[in-house]
Structure formats: C-alpha cells, structure tokens
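Throughout, read-outs are computed from the coordinates displayed, never taken from laboratory work. Every value quoted in this text rests on a predicted model; they were computed, and no experiment measured them. Reconstructed Cβ throughout: ideal geometry from the backbone, glycine too, with neighbour counts over all protein chains shown.
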Amino acid sequence: MHKGFWVTSDASTTDHAQLAALLFPHIDKTPADWLAHYPPRPLPPGAFVTRYAPSPTGFVHIGSIYASLVARRAAHQTGGVFFLRIEDTDKKREQDGSIEKIVANMINFGLQPDEGIVQVNPEIELGAYAPYTQSERVEIYETFAKDLVARGLAYPAFDTDAELDAMRRAQEAQNAKPGYYGEWARWRSASLEQVRAKLEAGERPAIRVRAPYPNAAHIQLEDEIRGFIDMPANDTDAVLLKSSNRLPTYHFAHVVDDTLMRVNLVTRGDEWLPSVPLHLQLFSYIGQPAPKFAHIAPIAKMDGTARRKLSKRKDPEADMTYYYQAGYPEQAVTEYLLNLANSSFQDWRRDNPRTPNHAFGFSIHKMGVAPPLFDLVKLNDISKNVIATFSAAEVYGLVQTWANKHDPRIAAVLAADPAYSEAVFNVERMTASPRKDIVNWSDVERAVGFFFDPLFADAVARDGYPMPEYPRQVITAILDHVAGFDPAQPKEIWLAEMRTFAEAHGFARDAKTYKQAPDQFHGHFGDMMMVVRVGLTARTNTPDLHEIMHTLGTERVRARIAQARAYMSSDAQMN
RNA sequence: GGUCCCAUCGUCUAGAGGCCCAGGACGAAGCCCUUUCAAGGCUUAAACGCGGGUUCGAAUCCCGCUGGGAUCACCA
C-alpha cells in the first residue's frame, strides 16, 4: 500500500526508550515525581474537586458562568474545592485582558475560585497545585509524554499541514474514516533513524498517542448527568503535544492536569462527550483513575426552526457584557441559571422568598440532558422578583453604580438629590407585596423616570401628555384642585375628599354608578383620577397616586400642575 | 456519512408501570380586589413526535421510524 511508505517493524522496548531520550533530552523527571509533588487532597469522603477551565479568548460566555456555577456548587456542597485553571495552549486565539475579564466575572457572580488566579491587579494565585496556567506547565506535560513514548504508547509524527490535508482528501475520496489511524498513520512505526534524521534537519514533531487499531473494544461510563453511556473505544492517534508550540492539546492537558490537580468531577460542555473514549484511554495509559464526568447541555436558542447553541457571534445575550449593560443584578442572572440547572429551584425560591440562593440544595443529577432554550422573558420575571426584595437604599446604590458606567445622565439626575432618589425607590417597596416593575437598571428610567424633573421634561417633550378627552375646563378644575394637595393628609381622607370633588364635578362616585347611567357623567372616579395621574406624571400607569404626590412634595406637585396647565393651553392637541 | 446524545404545554420542566383523561412556573386570556398601575387571589386555554410491541395496565420498559443536536483539528 502506498500510504504505508515507511513500513518498518514496531520498534523494540529499548528503541522506545532511546526515542524518548532523543525527543526529550531535557526531561529528567518521571510522572511519579509529579504525582508525589501533587499529592491527593486531604478531603472528606464524597467531596468533589472541580474546576472551571476557560481559554483566554477575550469573551466570557454565559455558558461559562453556568458551568462555573455548577462546578462550584457541586464542590462546595460536598466540602470540596473549586479552582480556576487557564487553558492557554492555543496562543493564536489568546487575547490580552481575557484573564482579568474571566476573574472579574467570577467574582461578580459570587463564583470566586478557591485556587488558581483569584484576583488580578495585583495578581494573586492561590493553591498548592500551582501553576494553574497551562503554558507554565510544559515540563509536566513533557514528562508524561516522554514516559508514554518510552513505553511505546506515543510517538513523534512529522507530518506537515499540507500532508495532513492531502491525507484527509484521500480519505474522503476513498470514503475512509477521517483521521490519523492505522495505516494512514505514517509515523506510527517510523524507525529511530528516520526520527533522528528529521530532528537533525531541524523539524519538530507532534507527539501522538499510539491507539490500538483496529479497536473493537467499547468504553462505558456513568455520566453524572446522562447516566450510562457506551461508546466504541478510541482508535485514532490524536495529537498530545503540538509541533507548533510544544504545548499540549486539550485532551492531554485535561488528562494530565485533572490527574495532578486531583480533580474527581469534571464538569464541562457536552461537546466533549465524543472525545471521552480518547480521554479514558489516556487516563489508562498514564495509569491513573479517570474522574467522574458531568457533561452539561449548552444553553441554546431558536434559530428559525432549529435550536442551536447560543453563539457569541450571533447572540448578544451569549456575552456577559449584555447583562452588565442591561443592568441585571448578578443575583437575578444566577437564579435564572440555577433555574435552568435545577427546575426545582423555582419551588424552593417560592417557599424561601428571602433566603440567599446558596442555601438551595443544588443537585447535578437533576440537570437536564437536552439543551434548554434561553428565555429572556423568564429572566426578566426572575429579575423583577429579585429586585423587589431589595431595599430602596440597595436599589439606589446598585442603580447608581450601574448608571455611573452605562448611563451618565441618569447617574447625574439621581446624584443631584440622593435623599429624594432613595425616596423614589421606596415607593410601594417595603410592603407586603412590593411593586415589581423594575426589570433591570436600564429599565429604571421607564419605571420611575417621571419622578425626576429632567427625565420628566424629556418624556413630555417626546410623548406629550396622554390626557383623557374631557372638556378643558373639567380638566383644569381637577388639576387646580389637586394643586392644593396637603402631604400631611392621610391617604384615606384625601381619597374621600377627592371622591366628593368628583361627584361635584360630573364624575360618578364609582364605576358601578357610572355604568348604570354613563350619559349622565364625564366618567367615574377612576377616570377622574387618571386626569390627576397624567397631569402629574404624563403617564397612564404609575404607582399609587397618593404616594407619588407625597414623594414629589407640595412644591413639585404645584409645579407639575402648572406645567400641565401651560402645556394644555399651548397645545391644540390637548382638549 | 461514522459515532454519540436528545425528544412532555409556546418556554423551563415534574414525572423512575397504576397516585397522570399528566402537576408546577414563565408567558397568554378572563374574573375578583382596587383611585390607577402593578402586586395578590381565583379561573381558563395549552403537551406525552409517530408506529409497533411487552403488560391486566405505559408519558414511563423494548424495537423501529421521524425529527433535532453534538462531534469526527497540531481549537478548546
């Protein structure tokens, strides 16, 4: 066969050892040394050691926060450890500032790792299993690779990109299975001399695992989320160490690092499921037990009729900056994610409205296997409820922080009178059933903007007054009456007094009376109150009127009335 | 194409042979309460992809089909 142009017999044991020495002359350690250097963790039985292992590509995906949340809860609920490991083995995709972004996001969302980089500027790395950055662990990977080569379980391959491309095309043409395996694997059985010649010519090989081929065996695993899975064992010679930069591929780094860092529960996206046979093979080759696996379904979105993974290219909500910009409280995003992970969270939250969510008994086994659809409406609902539990001072502080960064105009307006701002956020808040009208911080202007004169002026300039259509003198009479508002007057008295006024000015005292003889009235009491509402706020939906007036204060109430009257006489569109 | 995974209301899901003519939540509609807007309370519409088995009995077990997804890189 042409493809096996270097047909040599399998090298002997001594040849393997020589090959290893030839490839890794600078490595004098053995896997046992590293295993001893990173001993098993003194943890209670059943404690999970988990990690979040992102690549620093400059983008924090909501799926990453989701995965961290799951990993951290799984660890901490069992008295274990959760750490952060930076997987920077692809230098081409790396972007500056990524690590800062990752760490900042984890801290923001209460997902601080126990080990790894826990702080940046200045950088602080914690933990006894350091370094937690893969590019700083090359000696470790090379030690394990050398050992594999010495035992004939891995070998150098000098194929160029062009050769690999040609191979793939040939395989496609022949309808053969794609990949580097069996007889297609040209360097599988190269002689020591052939390797030496390439090395002397200055070429650098990739190190590939020598997988059994053909391989009829099957692997089994009990996934923590998916249960029992059976798959054909691996038979392709995957790259372990890349020729380009000598750094490990994900597969090898995962096996070596998770072994050495004593991870016993690997939580990761389910796109890794197909490479589990390779991983299991590698764990077995290095003679170490495989950890448990929990393959998480990705958060998805509808694209036409197909459901697909949330994409950083197409979906703004995939990027965490979306949530910061919109001003969702971290707690809301966390609880939404918790709800996706364990739908029983909603029942728990209903039964424990004020308990911090870390008290929720999260269960990795209860996670769904199908990709859930991202649902902004649900997030909004959760967010509204979360915000309703905050005090006025908390809301004010959070809005101010958000506005300083994302909306300077709102920030200035709120800062102009802090006491007033806080009073605004207190409207209908500390009651048995607090008002739930703020979805996120960017929604604050819509919800309560009318309280603030500059924002109110903008809204009027933009939308005018949505005043109901009654004779002008009726409206002005109502407004003039309201101008005499006394903040000291209790709500009930004020309402009774307004009702009397309504009856004296052509409005039915209640809806029932009005319905019985609609042609005898302008409208009913509620209709009249709408005039008051619009006159004061230029809005048709607002909180309780008495509270609004109380908060606005006499002066502002009078000014608003005057403004409404002026607008009416100047604007022909208002009756 | 190979391999693997998945399939209950529009959405998130509960459901591990009888408790299910399928339950909850969001969303939708309606009613009540109410000065209004919310909230809250009550009510309604809304689902087991299809076909075969197994069983006295299936959303639940088995097989097939269909549909979707993931993956098959010196990216992770």
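Things worth noting here:
- Scattering from the stretch A:351-399 was approximated by placing one identical point on each alpha carbon and applying the Debye formula without solvent; log10 I(q)/I(0) at 0.17 1/Å stands at -0.77.
- Dipole moment magnitude, nearest 20 debye, the stretch A:185-246 about Cα centre, only Lys, Arg, Asp, Glu C-beta charged: 480
- Kirkwood hydrodynamic radius of the stretch A:509-548, Cα pairs, Å: 10.9
- Just so you know, the Rg over Rh for the stretch A:392-492 is 1.03, from Cα atoms, with Rh as the Kirkwood radius.
- Rounded to 5, the percent of DSSP beta bridges in the stretch A:26-140 classed as antiparallel: 35
- Evaluated at q = 0.10, 0.13, 0.14, 0.19 Å⁻¹, a Debye calculation over the C-alpha positions of the stretch A:164-303 (equal weights, vacuum) places log10 I(q)/I(0) at -0.43, -0.70, -0.80, -1.24.
- Dimensionless Rg over Rh [chain A; C-alpha; Kirkwood]: 1.17
- Computed over the stretch A:500-568, Kirkwood Rh from alpha-carbon pairs, angstrom: 13.0
- Looking at chain A alone, DSSP beta bridges between its own residues are antiparallel in about 60 percent of cases.
- Among beta bridges that DSSP assigns inside the stretch A:209-347, antiparallel share in %, nearest 5: 70
- Charged-residue dipole, Cβ positions (Lys, Arg, Asp, Glu), the stretch A:436-508 about Cα centre, Debye nearest 20: 100
- When Rg and Dmax are taken over the Cα atoms of the stretch A:458-542, they come to 13.3, 41 Å.
- Relative compactness, the stretch A:34-166, computed as alpha-carbon Rg over 2.2 N^0.38 Å: 1.24
- For the stretch A:223-358, alpha-carbon Rg relative to the globular expectation (2.2 N^0.38 Å, N residues): 1.34
- Net dipole in debye of chain A [+1 Lys, Arg Cβ; -1 Asp, Glu Cβ; about Cα centre; nearest 20]: 680
- Per-q log10 I(q)/I(0), the stretch A:146-214, q = 0.16, 0.18, 0.21, 0.23 Å⁻¹ (Debye; single scatterer per alpha-carbon; no solvent): -0.59, -0.73, -0.95, -1.08
- Size descriptor for the stretch A:313-463, Kirkwood hydrodynamic radius: 16.8 Å (Cα pairs only, one decimal).
- Kirkwood hydrodynamic radius (C-alpha pairs) into Stokes-Einstein, the stretch A:61-107, 25 °C and 0.890 mPa s, D in µm²/s: 204
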